[in-house]
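Here the structure comes first, spelled out in structure tokens, and everything after it is commentary.
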Amino acid sequence: MSAHGDLRDSSGIPIDREGSTLLGRGGEARVWALPASGKALKLLEPHARTPERMRVLEHLVAHAAPLLQGADDERPWGWPEELVFEAGTCVGYTMRAFRQRRTLFSVLVPTERMRVFPAFDARHLHRVGANLARALACLHDANIVVGDVSESNVLVASDASVALVDVDSFQFVDARGELLPCPVGKPELLAPEHHGEFFSATPKTPASDAFSFAVLLFQLLFDGPHPFSGVFREAGPCPTPAEALLAGDYVFAAGSRLSPRLGMPGLGAIHPDIAHAFERTFVAGLHRPELRTSVKTWAELLDRAELGLVRCSRNRAHLHPSAAKACAYCTRADHFGRAFETFAQVNADELPPATRPSMPPPLPAAPAAATIAAPTAAETPETTPRPRRAFTRRIPALYGKRRAHVRDDAAVAEVATEPQTVAPVDARASAPSAPSETVVRAVSRAAAPVLPGSEPRATRPKQREARAPLPAPPQTLERSRALPRYAVFAALVAAFVLGRCTGTRAPEAREASVTSASAVPTTSSTPALTRGSAVLRRDTLTAEKKTPRAPR
Amino acid sequence: MVPSLALAPFRNGQPRVPCVLVLDSSGTMEGERLRALNEGLEILWTDLLDDPIARERIEIAVVEFSSDVRVTRRFDLPGEVIPQVARADGLTAMGKGLREALRLVDERTALYRTIGVPHYKPWVFLLTDGSATDDIDRSARLVAKAEAERQLAFFAVGVGDADMTKLRRLSARGAMHLDGLRFRDLFRWLSASLIGVSVSRIGERVPLPQLDWSAV
Ligand SMILES: Nc1ncnc2c1ncn2[C@@H]1O[C@H](COP(=O)(O)OP(=O)(O)OP(=O)(O)O)[C@@H](O)[C@H]1O
Ligand SMILES: [Mg+2]
């Protein structure tokens, strides 16, 4: 880390970097372990040190204190603790260092998982999902949306506990009541409403997180493949996962242009309720965020499904839902051979208790207009930002009274839209994807009807069958109240502010987003982009960011 | 029907970045140059294996051309065996080498399609220190066509006395000339570029790192 000279915290105390090691790197930063303090240091690349970012960090650090007490499991996020300065400029922050953890990527890729967590079985995978869902739900309750729920921002430990990092890309409302958006994300993980040219201007919602979560969970439970990728049934170029996502080609949906990838475990690998929740999210809820399975519901479903797992009688390393007539992994091994085995170790140990993250009293509420701040000078500040040296400007916090936000709307919608019947899962779904029709047929008989009402058939069923809707757990909701008139004015103001924030995208970047489908690797380098265009930043700068490899 | 052995590498569920290295193993490469090339290949390998995402997504094939063409490595994720060019002698059947590379790419992408594995644009990376002694025009047309249809990213790198004029004509992107024997830097650049692609979005334009190994 020689690139950085003298680093100090906000009180001017030098940061001891003796013996620091690289913990990881992303599109805009490197993260180092500091042995002297036991903390992690996130150093932003110069292009990421934008005024917006500084505002975000200022807010996060000002509200850090209550979020830092407690054990890792209670506060499973790398909340910024201290800002770090170099020659008077803020260049990053310190946070809790999460040791002995791997990114979620290494868990959802089965071959990596077998290397790094060989003792993980299906229970652990369910548990990782449930723990992540709980961490997200906890943040949602505090009016924080993660926005960039991705396999590189979730760190997993061998007890299946999870921690969220990259907190500075979370979306929340700052002390002035302004929404600080999360304009980053990977298209193949982003909900459809955030695709397209204006993605960075569309505020994320708990339902956006629920969508990204479901994509990751699908990969976790099905050995890695993306839910919108598979064998293309039509002629012509196969859509990319991001394109298929927008077109609604969920592999297990009836009428999808994609069928499951060869060698993928069949739907019999998961509990019918989980399969159903995926359908809600990827079919009915694809363009209707309120219909998606909420992270809270996911946590409950996964907990229940984990308890319902039974050990396979043929291969003790396999666990499958008790409802399944055959083990989906054995069925796959029968057809594709043992080379396909993705669970190698029999782990008879009990899992440690699930993590229960909790939140201190909520942070400022997100206004109902979803975007917007409603500044009224009359209101009493709930909190005053902790004075920090670098930010002499003190801003009175103007928020608190209006809690007109919609909470956990997805979960509620499940109750509200009960009568809706759900598209049945295709017969082919219950079989592992097999190389030929004959094999599919043979397997579907063996793999057993996984879902009631979806008996496997020799031919693909044309007709849809209704399935009893999932009994959704009771949910409560604060309905959004009507906006007062001044809020409309405030909405306009904030829209302007947001516009400024997100309109800073460099012209080249705009062009890049338009031509992104053309996929021509170019040898020119792109100028550094600001937070407002961070999606482009993430995607377009990745090739560059890896170039200067740190000596290990 | 795809044999399960061919399927096994895909159990990791990851999308693929296919890349063919088309390497000149004609007589002129013998000696210092070949040693530097092999050292470069080793660097490429360690870089790829070092990156958890790259090692699950990038597939490398190797085609050597001299008087004839040999496929010394079929498409696969980086494994334990580092590809090396064992010997260099004979002529420069570059045209045939390129056609073989294109054929491998077609075969591989067809397999991806059958299995249902998403993939990034394939890369063909040509390295030569001479001038083709066979029919290069037909290969050039095939490369140009694949590039125009956005089916391929083609890179040509000349070493030493390579005929740069002819190389440049191969691709719309032109050709690069390697500065001396900087194979290390070349392959470091290649791994950084491929790794960059492997974490990008499929179908997206990825700016590549600075060419610090090129003399142009
Ligand atoms: N507190 C921490 N403890 C341990 N490892 C960490 C911590 N914070 C981050 N990391 C590692 O560093 C990597 C990059 O961190 P982070 O996501 O914060 O950077 P970024 O540049 O903002 O990333 P992105 O590309 O997602 O925007 C993470 O994927 C993780 O592996
Ligand atoms: Mg990150």
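Summary table
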item	result
Test for residue A:125: is it within 14 Å of another protein chain (Cβ to nearest Cβ) and away from ligand 2 (no atom under 11 Å from the Cβ)	yes
Answer residue from the stretch A:307-331, given it is in a helix (DSSP H, G or I) and out of contact with any helix residue (DSSP H, G or I) (no Cβ under 6 Å at 6 or more places or on another chain) and is surrounded by the most Cβ atoms within 10 Å (Cβ to Cβ) among those	A:329
Condition check for residue A:180: within 16 Å of ligand 2 (Cβ to nearest atom) and in the same structural domain as residue A:138 (by TED's automatic domain parsing)	no
Selection status of residue A:83, modelled with pLDDT of 85 or more, within 16 Å of ligand 1 (Cβ to nearest atom) and in contact with a strand residue (DSSP E or B) (Cβ under 7 Å, 6 or more places away or on another chain)	yes
Residue in the stretch B:75-110 that is surrounded by the most Cβ atoms within 10 Å (Cβ to Cβ), counting only those that are within 14 Å of another protein chain (Cβ to nearest Cβ) and touching a helix residue (DSSP H, G or I) at 6+ places or on another chain (Cβ under 7 Å)	B:78
All helices (runs of 4 or more DSSP H) inside the stretch B:125-201 with 3 or more residues being within 28 Å of residue B:109 (Cα to Cα) and of a type in the set (A, V, I, L, M, F, W, C)	B:137-148, B:183-198
Within the stretch A:156-183, considering residues that are closer than 15 Å to residue A:57 by Cβ and hydrophobic (A, V, I, L, M, F, W, C), the one surrounded by the fewest Cβ atoms within 10 Å (Cβ to Cβ)	A:170
Test: residue in the stretch A:36-48 that is more than 16 Å from ligand 2 (Cβ to nearest atom), touching a Ser or Thr at 6+ places or on another chain (Cβ under 8 Å) and modelled with pLDDT of 90 or more	yes
Pair list, Cβ < 9 Å and 6+ apart or interchain, from the stretch B:148-162 residues that are touching a residue at least 60 places away in the same chain (Cβ under 8 Å) to residues that are polar (S, T, N, Q)	B:159/B:128; B:160/B:28; B:161/B:28; B:161/B:131
Residue under evaluation residue A:62, criteria (1) of a type in the set (Gly, Ala, Ser); (2) more than 13 Å from ligand 1 (Cβ to nearest atom); (3) within 22 Å of the chain's Cα centre (by Cα), criterion not met	(3)
In the stretch A:188-212, the residues that are at pLDDT 85 or above and either within 16 Å of ligand 2 (Cβ to nearest atom) or surrounded by fewer than 24 Cβ atoms within 10 Å (Cβ to Cβ) (or both)	A:188, A:189, A:190, A:192, A:193, A:195, A:203, A:204, A:209, A:212
In the stretch A:4-30, the residues that are within 12 Å of ligand 1 (Cβ to nearest atom) and either closer than 19 Å to residue A:89 by Cβ or of a type in the set (Phe, Trp, Tyr) (or both)	A:28, A:29, A:30
Residue within the stretch A:85-93 that is surrounded by fewer than 22 Cβ atoms within 10 Å (Cβ to Cβ), more than 30 Å from residue A:160 (Cβ to Cβ) and either of a type in the set (Lys, Arg) or assigned by TED's automatic domain parsing to the domain that holds residue A:127 (or both) present	no
Candidate set from the stretch A:336-359 (those that are surrounded by fewer than 21 Cβ atoms within 10 Å (Cβ to Cβ) and either part of a helix (DSSP H, G or I) or hydrophobic (A, V, I, L, M, F, W, C) (or both)); member that is farthest from the other protein chains (Cβ to nearest Cβ)	A:359
Lone unmet requirement of (1) within 14 Å of chain A (Cβ to nearest Cβ); (2) more than 18 Å from residue B:10 (Cα to Cα); (3) of a type outside the set (Phe, Trp, Tyr) for residue B:134	(1)
Residue A:218 vs. criteria aromatic (Phe, Trp, Tyr) and not in a helix (DSSP H, G or I)	no
Count of residues meeting criterion [away from ligand 2 (no atom under 12 Å from the Cβ) and either of a type in the set (Phe, Trp, Tyr) or without any contact (Cβ under 8 Å) to a residue 60 or more places away in the chain (or both)] in the stretch A:149-177	5
Yes/no for residue A:95 being away from ligand 2 (no atom under 16 Å from the Cβ) and under 30 Å from the mean Cα position of the chain (by Cα)	no
Members of the stretch A:158-169 that are within 11 Å of ligand 1 (Cβ to nearest atom) and not acidic (Asp, Glu)	A:163, A:164, A:165, A:167, A:169
Residues of the stretch A:69-92 classified as away from ligand 2 (no atom under 16 Å from the Cβ) and over 22 Å from the mean Cα position of the chain (by Cα), total	14
Residue A:196 assigned to a loop (DSSP other than H, G, I, E, B) and without any contact (Cβ under 8 Å) to a residue 12 or more places away in the chain	yes
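Every residue, every condition in (1) among the acidic types (Asp, Glu); (2) touching a Ser or Thr at 6+ places or on another chain (Cβ under 9 Å); (3) under 16 Å from residue B:24 (Cβ atoms), yes or no:
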residue	(1), (2), (3)
B:127	no, no, yes
B:131	no, yes, yes
B:142	no, no, no
B:155	no, yes, yes
B:162	no, yes, yes
B:172	no, no, no
B:180	no, no, no
B:183	no, no, yes
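Residue by residue, here is whether (1) touching an Asp or Glu at 6+ places or on another chain (Cβ under 9 Å); (2) within 28 Å of residue A:352 (Cβ to Cβ); (3) of a type outside the set (S, T, N, Q) holds:
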| residue | (1), (2), (3) |
| --- | --- |
| A:24 | no, yes, yes |
| A:29 | yes, no, yes |
| A:41 | no, no, yes |
| A:53 | yes, no, yes |
| A:68 | yes, yes, yes |
| A:88 | no, no, yes |
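The values are calculated or read from the model by the stated rules, or taken from the named source; none is laboratory data. Because the structure is a prediction, the values reported are computed rather than measured. Neighbour counts run over all protein chains shown; Cβ positions are idealised from the backbone, glycine included.
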